[in-house]
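This report refers to the structure that appears directly beneath it.
The values are calculated or read from the model by the stated rules, or taken from the named source; none is laboratory data. This is a predicted model, so every value here is computed, not measured. Quick reminder, even Gly has a Cβ in these numbers, built from the backbone with ideal geometry, and neighbours come from all protein chains shown. Accessible surface is based on the protein model in full, side chains and every heavy atom, while ligands, DNA and RNA are left aside. Shrake-Rupley method; radii C 1.70, N 1.55, O 1.52, S 1.80 Å.
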Amino acid sequence: MNPLDIQSQRDYIEYSKQVHGYSKAVGKILDLSASYIPDAEQASLNGKKAIWCGGYGWEVPLVYASDTVPVAFSEMGRLSDREVMLIAEDYYQFPIETCSMVKCTVGQWHLRKDKAGIKRILGNSSACEPYNLAWEVMKHEGFDVYNNDVVYRGPGVDGARLEKLVDFFIKEIHGVAEWLTGSSKIDEEKLSFELKRKNRLLDKMRKILALRLKHPFYVRSLATIQMLNIGLNNYFGKPEEYEAALDLLLEELENRPVNQEELDAAIPLVWAGGTGQEFGIYEAIDQAGGALLGLRSVPFKSYREDVPPVEALARFVYDNQGAGAGVYARNVIELELEKVKAKGLILYGYIGCSFASVDREMWRNYFHKKGIPSINLEGSFQTGAPSGQVLTRIKAFVEMLS
Amino acid sequence: MKIRDVIDSRRISDITSDRVIGIDIGSRTGKAVLLDSGKLYTAIIPSGVHNQETADKLVKHLFKISGLTLDDIAYIVGTGYGRVALEFGEVDNKIVTEITCHAMGAHFLNSNVRSIVDIGGQDSKAIRVDPQNGKVVEFIMNDKCAAGTGRFLEKAAHMLDLTTEELGDESLKATKPSDISSQCVVFAESEVISLKAKNETRANIAAGIHVATARRVKNLFNRLGLEADLVFTGGVSNNSGMRKVLEETLGYKISEVKLNTIYAGALGAAVLAQKSLASRAALVERETLSAQAA
């Protein structure tokens, strides 16, 4: 496939597989990514319990421990249906400036509302106003929607105040469990198993990311994002297969001799932001010689195994880069910049996401003062190739750093 | 023309004898520059539907005026909006963004340049340049919509029954530029129609359009920081009204250079073509030396 012939997100995944023809592991990860939503929907039709959810963070171990497949609704974007944005804007009258991810998701749910399949949606936090709106709309469309709440940890919140947050969130977790299984009682043995699995996978990913510093182009940008930002979160609905793919990748990387020429040519970059569906952005980074070696979503901390598993879920939220204030993530980004000796920082968010745009601006100013070049990109969930201007920005940014 | 007549004298020694071409396919016009043993040739045509066809026509024109053929060319660099799909047969080539090329081109026209305004057909850019080497230090693009771009001015000219070339000169006759508040091409059209209905003069409306565009550019520099020397490149750089209003709005004089800065991107591309050849030669030399040492 010629990159100029790429028309959809699925094409990008297929093209990425072609580029990674040398790696069975990366091919497997990309296959898992491509089949995630269709296979989960088919499993649901076959009687397997599955829910739509964010598909990341604390909720994933709990959902798996409840014998349910977590299906990340943001991943519906890659199904390459150009109609979904129009459904959100014209049918549901979402304002055009609404987050493109939410519009895409709403359009996709609309296409499924009258069909058999996954009919339950777990929200996580009411902080995102566009998603709140989407969930309210979907309730009226017949979906069973549950939205738990999360209290964010402000900078400096510690001691008794933090313990209150943890207690509050533990109650919320039990509320989610009740919605998932009909009982607020959580099977701690199953949850501990899932936390151990998660920690094991986090460790493996840390090793892979460390090995990528020696092999910067072995796993290219799109595959890296798929493996880390999606796969590590929800295992593409297939935990055992995902782990096997990581094991294979570790083996491939460990047995590969270091290519000094490749190392010298790489322009180490840190990616701070979500995943989006404009996969052409990742391709542009690769073509310009950039290597996404550091990521904001890097496995920063593990789930604690010295406390009861439900408490471990709650503490993971408040101890991590997603605890709520931009400064937590900024600290992780700073560590990543140092670790990979990054030449630049890519700040990426979705068009219409006011949360992310504020964070990005704060981070940009902070790192600008430290002399670290950055570029602020806004991506869309609209399918197809990204605009020429977005590609120009990325390529010019990497050229500037080379 | 002779290279020494247009290139900054401090950069002349950086130009090699390699015959190279830089091609800049913009959204409105295609430009090309050929460097050949002390001479510089230029070509410009409207961008057609097919970028390759535009590039081929530019090259053909360059060969006609220089007497060279493709076999004489050592390297080609393609840039601009239409760079993506360019092919140059057997000639070594690469694709570089217009941001990098405009910076390098401006640097070779005035090696003191630190800031560039590039207003092209579909976007505008503010670029900061390292005067030591012509490399981009930072850049920012306005591509949210056609406002603040050449397309905006083109549309405005059409509404005022002027050609794009006439729009700038007309604006210089203004006594009091109209206040164009909207920065959206579609809404600005409504504003211009309202102003025409109020019998506002064409000159004042034209000047208002330029002021609105310049305000947009100023915001780019407010974020990036602006330092002299300032060079204005891109298709709109030939618009005298835009130059005047940019100088007033930014509070900086735009540097005069000896080549039409619409060619800055193509010139930068040609310079980068020579640099690519030089890097390759240096690499071959290093490899030969290390092979000999081994």
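Annotations for the structure displayed:
- Filtered residues of the range B:56-97 (kept if hydrophobic (A, V, I, L, M, F, W, C) and farther than 17 Å from B:Arg280 by Cα): B:Leu58, B:Val59, B:Leu62, B:Phe63, B:Ile65, B:Leu68, B:Leu70, B:Val84, B:Ala85, B:Leu86, B:Phe88
- Strands (runs of 3 or more DSSP E) contained entirely in the range B:88-139, each with at least 3 residues that are within 14 Å of chain A (Cβ to nearest Cβ) and closer than 20 Å to A:Ser402 by Cβ: B:124-129
- First in the range A:252-270 and in contact (Cβ under 8 Å) with a residue 40 or more places away in the chain, second anywhere and assigned to a helix (DSSP H, G or I) and open to solvent by less than 40 Å² (accessible area, probe 1.4 Å), Cβ under 6 Å, 6 or more apart: A:Glu252/A:Ala25; A:Leu253/A:Leu211; A:Ile267/A:Val398; A:Ile267/A:Leu401; A:Val270/A:Glu336; A:Val270/A:Leu337
- The listed residues are B:Tyr263, B:Tyr252, and the only one of them that is assigned to a loop (DSSP other than H, G, I, E, B) and open to solvent by 20 Å² or more (accessible area, probe 1.4 Å) turns out to be B:Tyr252.
- Out of B:Glu154, B:Glu166, one residue alone is closer than 16 Å to B:Ala203 by Cβ, open to solvent by 30 Å² or more (accessible area, probe 1.4 Å) and either assigned to a helix (DSSP H, G or I) or more than 13 Å from chain A (Cβ to nearest Cβ) (or both). It is B:Glu166.
- Residues of the range A:277-315 satisfying the condition of being small (Gly, Ala, Ser) and in contact with a strand residue (DSSP E or B) (Cβ under 7 Å, 6 or more places away or on another chain): A:Gly289, A:Gly290, A:Ala291, A:Gly294
- Condition met for A:Glu399 (within 13 Å of another protein chain (Cβ to nearest Cβ), over 27 Å from A:Lys207 (Cβ atoms) and in contact (Cβ under 8 Å) with a residue 40 or more places away in the chain): yes
- A:Cys99 vs. criteria touching a residue at least 60 places away in the same chain (Cβ under 8 Å), in contact with a strand residue (DSSP E or B) (Cβ under 7 Å, 6 or more places away or on another chain), under 29 Å from A:Val317 (Cβ atoms) and not charged (D, E, K, R): yes
- Selection of the range B:63-87 for residues being within 14 Å of another protein chain (Cβ to nearest Cβ), surrounded by 24 or more Cβ atoms within 10 Å (Cβ to Cβ) and either touching a Phe, Trp or Tyr at 6+ places or on another chain (Cβ under 7 Å) or hydroxyl-bearing (Ser, Thr, Tyr) (or both) yields only B:Thr79.
Condition check ((1) modelled with pLDDT of 95 or more; (2) in a helix (DSSP H, G or I); (3) among the charged types (D, E, K, R)) across all residues:
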| site | (1), (2), (3) |
| --- | --- |
| A:Lys301 | no, no, yes |
| A:Leu337 | yes, yes, no |
| A:Leu347 | no, no, no |
| A:Ser357 | no, yes, no |
| A:His368 | no, yes, no |
| A:Ile375 | no, no, no |
| A:Gln382 | no, no, no |
| A:Pro386 | no, no, no |
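- Residue that is surrounded by the most Cβ atoms within 10 Å (Cβ to Cβ) [pool: residues in the range B:17-39 that are at pLDDT 90 or above and either at positive phi or over 17 Å from the mean Cα position of the chain (by Cα) (or both)]: B:Val20
- Across the range A:16-34, the number of residues qualifying as in contact (Cβ under 8 Å) with a residue 12 or more places away in the chain, in a helix (DSSP H, G or I) and over 17 Å from A:Thr275 (Cβ atoms) comes to 7.
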